[in-house]
Structures are given as C-alpha cells and as structure tokens.
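A.B. asks: Once you've had a glance at the structure underneath, I'll fire off some questions.
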C-alpha cells in the first residue's frame, strides 16, 4: 500500500525547520515529501530523513497528487493558498491563525480532541496558537478530572514566538548590551543602548520584559490574549468559559511559559492533580521546589512535552489550582502539533 504524499509549505522558516527535523525523527508514515516556500527560497536544499530535498516555489500545481499539506506561513498567505491546496485534493493542516475560529474548521490538539480531524468540510484543519498549546494539554487533563470553569493566566512568551526576526532581534540586542554594567540603573539608558533595533517588539527585550504580545484589539486587549480565551473555549468545547489572560514578552529565545490560576466545579487536591498530570500523555511533571526543580524554558527547549510544576491548591479557594507550565513553542507549540495532526489524517486515509 502506497504511503501518502506530504507537502510542507513554509519549509524554510523557523517552524518549517523544526517540521523537517520531526519528519526525520518520528515514525515514517509518509511517502514523497515536497518542501514548498516562496520564490525567494526556491532552490534551497534541506535534509529530510537523511535525504536532500530541493525546495520548490509555491504554485497551485505543487499540490497535485498531495494527500496532506502542512502550512506554516503568515495568515494572509494561508488564507489565499490553503483553499487552493484543498481544491487540488490535499487535506490542509494549517498552523496560522487564518482559520482557527471558523466554525467549519476544526481546531485540533491530538491529546484532547483527535476525533475532530474527521469533521473538515472545507478540507482544512487548524492547529492552535503556540501560547494556547503551551498550556492546553495539561489544562485539558485537569478539566476531564475536575470540570474547568475559569482561567486566569499570565504568559511569558519567548522571542521566537515572533519568528526568526524575533530571535535575531533578541540576540542582536543581547550582543549590544553585554558587559555594560550600568544598563538598567537609570531610566532610558537601556533604550539608548538598543537604539532603533527593536525588530518586531515595541520596546527593548534584552534585560527587560514587555507586557505586550500581538496587536491591539478592543478595550485594550491584545490579539494574543484573545487567542488564549477563544481557542481554549473551542478546543475544550466550553463556549462560555471565563478566561482572562495577560501576555508578556520575555528575553528568552525559545520556550513559552504560563502562570495559571484554574478554577473548577469540584474541590481539588494538589497531590491528586499532580498524579493526573504525571499520567497524561504529552506532559512531564517537574515539581520539587525544595530541590530547586520547577519547569523552566531553559530545560524544556528542544523537547516535546508540556512541562508542569508549582502545582498547589489556591490559598483561599479549595476549588482552584495554581500551577506553572512551559514548553518549546516551536515544537509542541507549532511544528509537533501540526505533525501529530498530519499523522492522524494519514492514518485515516483510505488508500
């Protein structure tokens, strides 16, 4: 039986590179793999499964004979090209924000709602935002156990959430400020040292935290904060779930983290919650503060699971838990979830 043909659109980007790594390291469920990018990147040679593959330009014809197309491109590119790929017969797994909240496009996390891959009337399946994915596997497990009714979260989002430009900007800023012990000692001197090299960020990121990620939406909320609310509601099937988020950009290259206050309908027990999470696929519990063991992006980067720790019952509410989660936003937060969805689709194809 022939293995399905896969197209990876956006193969030369930061997430695209991780996608290629995962296709090499995971069980092989694919036959031909086509790497696709803009005309500027066409001709680049990348390695997949130890074999050189030449990147081809994004055109309608590239999807002929393709069974599954994984997209990691900007929203406007996805809006234009995902329907074209679907019209050519490919099932699209899209990592952009273009279709996530469309009612006829499933928003899938394989550990939580894998059955949704079969309900794709437009031939498109969406993967959630990287910040949502940093917490949702752990929160989904606790919801099954205790029935979630409210979330208050603060995110600590890495520079790589803004793509390769974000990574390069942070590293350039760090290089500029390294060794200057006077920085941060008076207002304005950090901005002076960084100058105009802000990249995709509204303020210096090196030696700083910026309480903003995304673009401005109504009533002062950011697009990233609303994504956490709206996507969590859709994934868990809780349209009225109370969610309040504050998104913060931190000087970390890769690894999104969140401090979470979760309120449930039943009383919670921290030890039991810790056990539930320890037995959840895709979660690793790192929770021994006395030994200096807690989940941190410096340890989680390059790994697949969601790391969870600081699990404790709220001081003033027996139905609430406080916890801290972190994960590699380029892996489970983007490439890995996309690959997992693609593998589910591949397994369901009648060939």
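The values are calculated or read from the model by the stated rules, or taken from the named source; none is laboratory data. All figures in this text were calculated on a predicted structure; none of them were measured in a lab. Backbone-built Cβ (ideal geometry, glycine too); neighbour counts: all protein chains shown.
A.B. asks: Quick one: would you say residue 174 is over 17 Å from the mean Cα position of the chain (by Cα), part of a helix (DSSP H, G or I) and in the same structural domain as residue 317 (by TED's automatic domain parsing)?
C.D. replies: So residue 174 passes the test.
A.B. asks: Please work out which residue is nearest to residue 13 (Cα to Cα), limiting yourself to the stretch 67-106 and to residues that are free of Cβ contacts under 8 Å to residues at least 24 places away in the same chain and in contact with a strand residue (DSSP E or B) (Cβ under 6 Å, 6 or more places away or on another chain).
C.D. replies: Among those that are free of Cβ contacts under 8 Å to residues at least 24 places away in the same chain and in contact with a strand residue (DSSP E or B) (Cβ under 6 Å, 6 or more places away or on another chain), it is 78.
A quick yes/no check of all residues on (1) exposed (fewer than 14 other Cβ atoms within 10 Å of the Cβ); (2) touching a helix residue (DSSP H, G or I) at 6+ places or on another chain (Cβ under 8 Å); (3) within 17 Å of residue 334 (Cβ to Cβ):
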site: 59; (1), (2), (3): yes, no, no
site: 62; (1), (2), (3): no, no, no
site: 66; (1), (2), (3): no, yes, no
site: 79; (1), (2), (3): no, no, no
site: 87; (1), (2), (3): yes, no, no
site: 94; (1), (2), (3): no, yes, yes
site: 105; (1), (2), (3): no, no, no
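A.B. asks: Shifting gears a bit: Which fully enclosed helices (runs of 4 or more DSSP H) of the stretch 187-279 have 1 or more residues being farther than 30 Å from residue 315 by Cα and within 21 Å of the chain's Cα centre (by Cα)?
C.D. replies: 223-236
A.B. asks: Checking the structure you have, find out if any residue of the stretch 297-309 is in contact with a helix residue (DSSP H, G or I) (Cβ under 7 Å, 6 or more places away or on another chain), closer than 30 Å to residue 2 by Cβ and surrounded by 21 or more Cβ atoms within 10 Å (Cβ to Cβ).
C.D. replies: Within the stretch 297-309, not a single residue is in contact with a helix residue (DSSP H, G or I) (Cβ under 7 Å, 6 or more places away or on another chain), closer than 30 Å to residue 2 by Cβ and surrounded by 21 or more Cβ atoms within 10 Å (Cβ to Cβ).
A.B. asks: Tell me, please, whether a residue that is outside the structural domain of residue 98 (by TED's automatic domain parsing) and farther than 26 Å from residue 336 by Cβ can be found in the stretch 221-230.
C.D. replies: yes
A.B. asks: Output the residues belonging to the stretch 271-288 that are surrounded by 16 or more Cβ atoms within 10 Å (Cβ to Cβ) and touching a strand residue (DSSP E or B) at 6+ places or on another chain (Cβ under 8 Å).
C.D. replies: 273, 274, 277, 282, 283, 284, 285, 286, 287
A.B. asks: Right, here's the next one. Go through the stretch 297-323 residue by residue and tally those that are under 21 Å from residue 281 (Cα atoms) and assigned to a loop (DSSP other than H, G, I, E, B).
C.D. replies: 5
A.B. asks: Collect the residues in the stretch 280-296 that are touching a helix residue (DSSP H, G or I) at 6+ places or on another chain (Cβ under 7 Å) and in a loop (DSSP other than H, G, I, E, B), keeping them in residue-number order.
C.D. replies: If the condition is that a residue be touching a helix residue (DSSP H, G or I) at 6+ places or on another chain (Cβ under 7 Å) and in a loop (DSSP other than H, G, I, E, B), then 280, 282, 287 are the ones that fit.
A.B. asks: Tell me the residue from 163, 140, 123 that is within 18 Å of residue 70 (Cβ to Cβ), surrounded by fewer than 24 Cβ atoms within 10 Å (Cβ to Cβ), in the same structural domain as residue 321 (by TED's automatic domain parsing) and touching a helix residue (DSSP H, G or I) at 6+ places or on another chain (Cβ under 7 Å), please.
C.D. replies: Exactly one residue qualifies, and that residue is 163.
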